[in-house]
There are 4 protein chains.
Amino acid sequence: MARTEQVEIVLGNLGYAVGMLEDCPEFTSLIPEVRVNLVYALPGATTPNEVAAVEGRITAVGGFPRASGMPSLGASDHMARLIIEVRNYDPTVNAGINFKYDKVVVDVVKEYCSEHRILFGWIDRTKEPAEVAKRDGASMPWKIKQLVVSSGGVPRLFYEGEGWGKEPLFVALGKDAVEVATIAIEIARRYRQRIPSHLT
Amino acid sequence: MARTEQVEIVLGNLGYAVGMLEDCPEFTSLIPEVRVNLVYALPGATTPNEVAAVEGRITAVGGFPRASGMPSLGASDHMARLIIEVRNYDPTVNAGINFKYDKVVVDVVKEYCSEHRILFGWIDRTKEPAEVAKRDGASMPWKIKQLVVSSGGVPRLFYEGEGWGKEPLFVALGKDAVEVATIAIEIARRYRQRIPSHLT
Amino acid sequence: MARTEQVEIVLGNLGYAVGMLEDCPEFTSLIPEVRVNLVYALPGATTPNEVAAVEGRITAVGGFPRASGMPSLGASDHMARLIIEVRNYDPTVNAGINFKYDKVVVDVVKEYCSEHRILFGWIDRTKEPAEVAKRDGASMPWKIKQLVVSSGGVPRLFYEGEGWGKEPLFVALGKDAVEVATIAIEIARRYRQRIPSHLT
Amino acid sequence: MARTEQVEIVLGNLGYAVGMLEDCPEFTSLIPEVRVNLVYALPGATTPNEVAAVEGRITAVGGFPRASGMPSLGASDHMARLIIEVRNYDPTVNAGINFKYDKVVVDVVKEYCSEHRILFGWIDRTKEPAEVAKRDGASMPWKIKQLVVSSGGVPRLFYEGEGWGKEPLFVALGKDAVEVATIAIEIARRYRQRIPSHLT
């Protein structure tokens, strides 16, 4: 398949997934302080410029999730590098989405993983060696290795525990943006039923 | 090719084209009162639900074109039906964009057509029979037939003259959304050089 | 009161009114092709730069009205000049909003005017002399004069009939943006009850 | 002055300040992961519902800052409570803005403070007692007290150092939203001259 066609498929799948999220008011409860990023990597991507994401990420406006800009290549750095790194362990992963971490979300995700027999995992940032944290670009390989080793494989749902100056976050991985958005929406719906409405 | 993949290609190509327009401040001068719609029809589309367009169209904010929402199927009615109708005469047309009509735009488009040996045309709405205008859904087939007959083929660039209660508008047609956005951007750049800046 | 404070009151009242419209899904049905403009003139305004409006106007996205940009001075031309002209006849008018015209809207507005004993009017563009239409800036004084003379005063609700190349539009006038938004929302709610949902 | 008029002044001043930020591409470099919030409290505000802020905050799209929604009351929690708490020490503070923290920003802000003879400060979150951090709503009074005591007054520019799970952030305080936006823009312009363009 030509590269142009691959780009179109990736941008189109991502745009469709954004529309799904924007139509889901329950997902608003899962938007973290740093906003939601939804990314989808081109086949063989080695840099963030070959990974599509939402410009300005997805935030909450008027009770609904809203994309700040269009899907485009190079619009994410952190999540893009995460997908690229994960693929070294599991080449069937192409897309990812991040969402809010709290104790109730942990419960909901664990139940979801157990029902669907999905591997669950977490990155323990307190174990990150100081010399890794300091070196530019060294953190991501360390984190993904720690995740895969401690989980016994690539978990499709995991969280990155809070770090110094870092909000803790959940991540869902999958084959394309629509798949990870579908998972995130299902988790959002279960989460909304669990929390009292005055807390949202 | 599976329908899902076709949808992704269409949405992705459209999203990419929207990004091109949003990055082009000159295109702001070509945005008409009714805003810009950019549409791309799926293969074999017979209804607007099989045609992708920009939700809320494209308007001007802060000197730049800005899409109001995401590309999605069913987001356009008029332009979608126009593409579907045009395909009865030229099945290689899949996408279209509308933009502002004025005398200077006419000059610029005519030069562009002459340089690129593109057929130029126009729809003369004053010739529309009253009984056609009155009947719901009858206008579009009449207009496209009038356009094709008077132009001697399907023109890739044409305008629809002003009608009673209708702003006159230009339309560019092409094989995909990126192609028609590219044409519209080129025309916008030439147009901006032609008009005094105090008029924009 | 200092000019700065006047600007803040005008922008704040306008921003509040925009929020009211964005929270009203029924108003989506009243958004015309040319979008909605909501304007509020500073005391003594003589040019559009002294009239606040919504940048990029208000359009429909995902079933809700959405402002394309922020309220700011100079963001409207036509509606701004309309308010300035109207004030020559009724200095208590400071704000205006335009919305869709169709036969059902006419019925709803007439009932509303009759209930609230508000003067109703319309501008008959077919009576506009050719030499007026041609001269830049001559149309507005002619139109408002025609409106006031034919209505026997300044009507707070009126429409401008369709013209050659012009979509017909309703306008509501009032003392501030919140007042005209309140009227437009009330009309939108009545209109939605009147039309079958498959037509929206 | 009536409460309605106070609300209008606050929303209008905030909307104007948002426009200033949206027109300043340099400010994009100062947008932190958690986005920018710009808040302005009504006189005597005791809850976030009496503090105006930007719905969805301000993020970066296409190289420019962009507000996700309209200014409205109750749209901020953290920054709103911060302003309310600060006023216990300095009742002339009504507005605040947060922006990115890094070592270069610290240098730029310190120079700016020294030039303008403004008190500079910082909140050291490592000193926060565990029992304060745990109790809902106890953190803010502790933090502001710590800030005021350690700075010898209410600093108009300060940062909150990184905490466990918290991005470090700068805050500027002032009498209204336009004043704090003006300060933030000046700091953004100096910051942009200091950093190599390939890092932005």
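Between the listed residues B:A138, B:F158, B:V148, the Cα displaced farthest toward the positive end of the dipole of region B:123-200, a dipole computed from Cβ unit charges relative to the Cα centre, is found at B:F158.
Report, in debye and to the nearest 20, how large the dipole of region D:75-187 comes out about its Cα centre when Lys and Arg carry +1 and Asp and Glu carry -1 on their Cβ. Could you put the intermediate results ahead of the total?
Working: 15 positive and 17 negative charges, 59 e Å.
Dipole about the Cα centre, nearest 20: 280 debye.
Would you be so kind as to list the residues of region B:130-169 that have their accessible area lowered by at least 40 Å² in the full protein complex compared with their chain by itself (1.4 Å probe)? Hits at the 40 Å² cut-off: B:E162, B:W164, B:G165.
Relative contact order for chain D using alpha-carbon pairs under 8 Å, separation at least 6, rounded to a whole percent?
24 percent
Here the calculated FRET efficiency for C:A2 and D:R194, from their Cβ-Cβ distance with R0 = 45 Å, stands at 0.75, rounded to the nearest 0.05. Applying Stokes-Einstein at 25 °C and 0.890 mPa s to the Kirkwood radius of region D:15-55, computed over alpha-carbon pairs, gives a translational diffusion coefficient of 209 µm² s⁻¹. Among D:K145, D:K166, D:K175, the largest mean-square fluctuation in a Gaussian network model of chain D (Cα springs under 10 Å) belongs to D:K166.
Taking a probe of 1.4 Å and counting only protein heavy atoms, give the total accessible area buried between chains A and B in Å², rounded to the nearest 100. Please list the in-between numbers first.
On the way: alone 9990 and 9990 Å², together 18770 Å².
Separately minus together, A and B give about 1200 Å² buried.
Note on region A:1-130: Cα Rg divided by 2.2 N^0.38 Å, N the number of residues, gives 1.11. What chain D shows is 42 Å² of accessible area per residue, with the surface traced by a 1.4 Å probe over protein heavy atoms. Cα centroids of region A:119-193 and region D:61-137: 29 Å apart. A simple spin-label model places pseudo-atoms 7 Å from Cα toward Cβ; at D:R117 and A:T47 they are separated by 5.1 nm. Summarising the label geometry, the points placed 7 Å from Cα in the beta-carbon direction at D:D77 and A:D124 lie 3.0 nm from one another.
A simple charge model with +1 on the Cβ of Lys and Arg, -1 on the Cβ of Asp and Glu and nothing else charged puts the dipole of the protein assembly as shown at about 0 debye relative to its Cα centre. Sorting D:F64, B:F158 by accessible area puts them as D:F64, B:F158; the probe is 1.4 Å, largest comes first, and only protein heavy atoms count. The alpha carbon gyration tensor of region C:88-200 gives principal lengths a ≥ b ≥ c with a/c of 1.5 or higher and a/b no greater than b/c, which makes the shape oblate. Figure legend: label point modelled 7 angstrom from the Cα of C:F64 along Cα→Cβ; residues of region A:6-40 with amide N under 13 Å from it are A:22-29.
Once the partner protein chains are put back, region B:30-47 shows a loss of at least 50 square angstrom of accessible area, versus the chain by itself, at B:E33, B:R35 (probe 1.4 Å, ligands and nucleic acids excluded). Projecting the Cα positions of C:M70, C:A188, C:M20 onto the charge dipole of chain C (unit charges on Cβ atoms of Lys, Arg, Asp and Glu, taken about the Cα centre) puts C:A188 furthest along the positive direction.
Per-residue ellipticity at 222 nm computed for chain D from its helices equals -12500 deg cm²/dmol, with DSSP H segments shorter than 4 residues left out and the rest contributing -39,500 (n - 2.57).
Accessible area per residue was computed with a 1.4 Å probe on protein heavy atoms; B:S139 scores about 30 Å².
So if the hydrodynamic radius of the protein assembly as shown is defined as the Kirkwood radius over C-alpha pairs, what does Stokes-Einstein give as its diffusion coefficient at 10 °C and 1.306 mPa s, in µm² per second?
Details: Rh = 28.4 Å.
Rounded to a whole number, D works out at 56 µm²/s.
In chain B, which whole DSSP H runs stretch at least 30 Å along their own axis (Cα) and average 0.5 or higher on the Kyte-Doolittle scale?
On the way: long enough: none.
TM-like helix candidates: nothing returned.
GNM on chain A, C-alpha springs below 10 Å: top fluctuator among A:P141, A:P71, A:P129? The residue with the greatest mean-square fluctuation here is A:P129. For the residues of A:14-26, the average number of beta carbons from a partner chain within 10 Å of their own beta carbon is 4. For D:D90 and C:N88, the FRET efficiency from 1/(1 + (r/R0)^6), where r spans their Cβ atoms and R0 equals 45 Å, is about 0.40.
The listed residues D:D90, D:D77, once ranked by accessible area (1.4 Å probe) with the largest placed first, stand as D:D77, D:D90. For region C:120-127, the Karplus equation 6.51 cos²θ - 1.76 cosθ + 1.60, evaluated at θ = phi - 60°, returns couplings of 10, x, 7, 9, 9, 6, 5, 8 Hz by residue, with Gly and Pro reported as x.
Here the Gaussian network model covers chain C, with springs between Cα atoms less than 10 Å apart; of C:L38, C:L21, C:L119, C:L119 fluctuates the most.
Given +1 at the Cβ of Lys and Arg, -1 at the Cβ of Asp and Glu and no other charges, the dipole of chain D around its Cα centre is 360 debye to the nearest 20.
Pop out the carbon and sulfur fraction of the accessible area of the protein assembly as shown as a percent, whole number, probe 1.4 Å. Mind showing how you got there, number by number?
Working: 17210 of 33830 Å².
Taking all protein chains in place, the protein assembly as shown shows 51 percent carbon and sulfur surface.
From largest accessible area down, sort A:R81, B:R35; use a 1.4 Å probe on the protein chains. Walk me through the numbers on the way to the answer.
Values: A:R81 80, B:R35 15 Å².
Sorted by accessible area, descending: A:R81, B:R35.
In the complete set of protein chains, residue-level accessible area for B:W164 is approximately 110 Å², probe 1.4 angstrom.
The values are calculated or read from the model by the stated rules, or taken from the named source; none is laboratory data. Since the model is a prediction, treat every value here as computed from it, not as a measurement. Using ideal geometry, Cβ is built from the backbone for each residue, glycine included, and neighbour counts are taken over all protein chains shown. Please note that ligands, DNA and RNA were not included when accessible areas were found on the heavy atoms of the full protein model with its side chains. Shrake-Rupley method; radii C 1.70, N 1.55, O 1.52, S 1.80 Å.
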